[in-house]
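**Student:** Below you'll find the structure I mean.
Only the coordinates and a few stated rules stand behind these numbers; no lab work does. Please read these numbers as outputs of a predicted model, since none were measured by experiment. Note that each Cβ is placed from the backbone with ideal geometry, even for glycine, and that neighbours are counted across all protein chains shown.
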Amino acid sequence: MKIYKTQEILNKLESAVKYKKSFNLIRFGDGGIKFIHAILFKKLRQLDIICKKEGLPKSKILEILELWGYYARQADFIDTPEVYYNGSFWPRVKNPNKHIKVETEKKMLEWRDLYSRAEFDNENYCNPEVNCLMVLDIPGRRNLFDLKCIKKVCVLTANPNVKKALKDHYNVDIVEIVGQYENHYVKSFSKTTKIIKERAKDYDCWFIAAGELGRIYSGLIKECGGRSLDLGFLIDYWVDGNFHPRLHKFINASLTNPLEFKLTIYGKLYIDNI
């Protein structure tokens, strides 16, 4: 199987922006895998936890999963956890000194079966950490901020302060959603999908940080002719400078640009596969 590298993804995004073509990249991550597994195998306690955190009504979970499959099949890229197990990338850990839970790893190792059952019929795979990899400061390589064709962006987020963080790079609009544990589907979903349908083509790119429903927003943006990147926690990092401890061993903040990362000596071991 081919897992596309960051430069290949950026090149395709750049072409889509220049020629006004639709584009999107959807990351399901371990959260998405847990959601699929919980639905398929009726893990009710796990579903309760996810639905409460992500603001998903129980009555809508099958509809949401069906939309995930629909949009995954159309996506330019979807992520795969295979990189954590084939030796091409750093391992998936909870923090530098602690491995992820055994039950979580078991689900991730079953990703092919879960993707198949969810009808994610798309083999244009990318790294789950591509959001971070796209803003790496590596001499001789371009990153997201080097794509000068991206001038006007819309950020779909619960953290509107990101507008200030990005003002030196982009003309930024914000579509604000509610955060975790705030009943996202009821309070934000209808309004957000309406905005996307009206404004999908108004921006060079949308940056998405919207949890499980963000996968649907990303798919809808592409369906309406726009372009989007699922950046997840990277949006919060641009505001507060904090990122997950599981990544600290492999990347750290760039000294020249607070919006970028640099590889550590351990991260550089995987530079040829990034």
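**Student:** Work out the length of the dipole vector of the chain about its Cα centre, built from +1 on the beta-carbon of each Lys and Arg and -1 on the beta-carbon of each Asp and Glu, and round it to the nearest 20 debye.
**Tutor:** Details: 45 positive and 34 negative charges, 44 e Å.
Here the chain has a charge dipole of around 220 debye.
**Student:** Please report the relative contact order for the chain, taking Cα pairs under 8 Å with a sequence separation of at least 6, and give it as a percent rounded to a whole number.
**Tutor:** Values: 464 pairs, mean separation 73.1, N = 274.
Relative contact order comes out at 27 percent.
**Student:** What is the order of ILE221, ILE39, fewest Cβ neighbours within 10 Å to most?
**Tutor:** Numbers: ILE221 28, ILE39 19.
Lowest count first: ILE39, ILE221.
**Student:** Further, regarding this structure: If you plug each phi of the range 30-35 into the Karplus form 6.51 cos²θ - 1.76 cosθ + 1.60 with θ = phi - 60°, what whole-Hz ³J(HN,Hα) values come out, in order, with x for Gly and Pro?
**Tutor:** Ordered by residue, 3J(HN,Hα) equals 5, x, x, 5, 5, 5 Hz.
**Student:** Roughly speaking, what is the centre-to-centre gap between the range 153-227 and the range 1-68 when only Cα atoms are used, to the nearest Å?
**Tutor:** 15
**Student:** Okay, next question. Stretch PHE233-LEU109 to full length: gain in nm at 0.36 nm per residue minus the Cα-Cα span? Could the numbers behind the result be given before it?
**Tutor:** Working: separation 124, 0.36 × 124 = 44.64 nm, distance 2.34 nm.
That works out to 42.3 nm of additional length.
**Student:** In debye, nearest 20, what is the charge dipole magnitude of the range 142-183 about its Cα centre with +1 on Lys and Arg Cβ and -1 on Asp and Glu Cβ, if you could check? Don't jump to the answer; show the numbers that get you there.
**Tutor:** Details: 7 positive and 5 negative charges, 61 e Å.
Once rounded to the nearest 20, the dipole reads 300 debye.
**Student:** What residues qualify as long-range amide H neighbours of LYS94, i.e. H under 5 Å apart, gap of 5 or more or another chain, H built at 1.01 Å from N?
**Tutor:** For LYS94, the qualifying residues are HIS99, ILE100.
**Student:** Now for a different question. Kindly provide the helix-only [θ] at 222 nm of the chain, computed as the sum of -39,500 (n - 2.57) over DSSP H runs of four or more divided by all residues, to the nearest 500 deg cm²/dmol?
**Tutor:** On the way: 11 runs with 104 residues, N = 274.
Helix contribution divided over all residues of the chain: -11000 deg cm²/dmol.
**Student:** Right, something else. Per residue Cα convex hull volume for the range 26-129, in cubic angstrom? Could the numbers behind the result be given before it?
**Tutor:** Numbers: hull volume 11.0 nm³, N = 104.
Convex hull of Cα atoms, per residue: 105 Å³.
**Student:** Quick one: of LYS60/LYS167; LYS167/LYS201; LYS5/LYS151; LYS58/LYS151, which pairs are farther than 29 Å apart, Cα to Cα?
**Tutor:** Details: LYS60/LYS167 37 Å; LYS167/LYS201 21 Å; LYS5/LYS151 23 Å; LYS58/LYS151 39 Å.
Those over the limit are LYS60/LYS167; LYS58/LYS151.
**Student:** For the residues THR256, THR157, THR192, what sequence is obtained by ranking on other C-beta atoms within 10 Å, fewest first? Please report the intermediate quantities before stating the final value.
**Tutor:** Numbers: THR256 8, THR157 25, THR192 21.
Exposure proxy ranking, most exposed first: THR256, THR192, THR157.
**Student:** If you plug each phi of the range 74-87 into the Karplus form 6.51 cos²θ - 1.76 cosθ + 1.60 with θ = phi - 60°, what whole-Hz ³J(HN,Hα) values come out, in order, with x for Gly and Pro?
**Tutor:** 9, 5, 5, 8, 10, 8, 9, x, 4, 4, 6, 10, 9, x
**Student:** Once you sort the root eigenvalues of the Cα gyration tensor of the range 131-273 as a ≥ b ≥ c, which label holds: rounded (a/c under 1.5), prolate (a/b larger than b/c) or oblate (the other case)? Please report the intermediate quantities before stating the final value.
**Tutor:** Values: a/c = 2.02, a/b = 1.59, b/c = 1.27.
Note, shape of the range 131-273 comes out prolate.
**Student:** Here's something else I'd like to know. With point charges of +1 on the Cβ of Lys and Arg and -1 on the Cβ of Asp and Glu, referenced to the Cα centre of the range 26-129, which listed residue (TYR85, ASN95, GLY31) lies farthest in the positive direction of the dipole?
**Tutor:** ASN95
**Student:** Moving to a separate point now. Would you mind giving the three semi-axes, in whole Å and largest first, of the ellipsoid equivalent to the chain according to its Cα gyration tensor? Before the final figure, lay out each step's value.
**Tutor:** Details: eigenvalues 131, 114, 66 Å².
Each semi-axis is the square root of five times an eigenvalue, giving 26, 24, 18 Å.
**Student:** Can you compute 3J(HN,Hα) from phi for each residue in the range 14-21, using the Karplus curve 6.51 cos²θ - 1.76 cosθ + 1.60 with θ = phi - 60°, rounded to whole Hz and x for Gly and Pro?
**Tutor:** 4, 4, 4, 5, 4, 9, 6, 9
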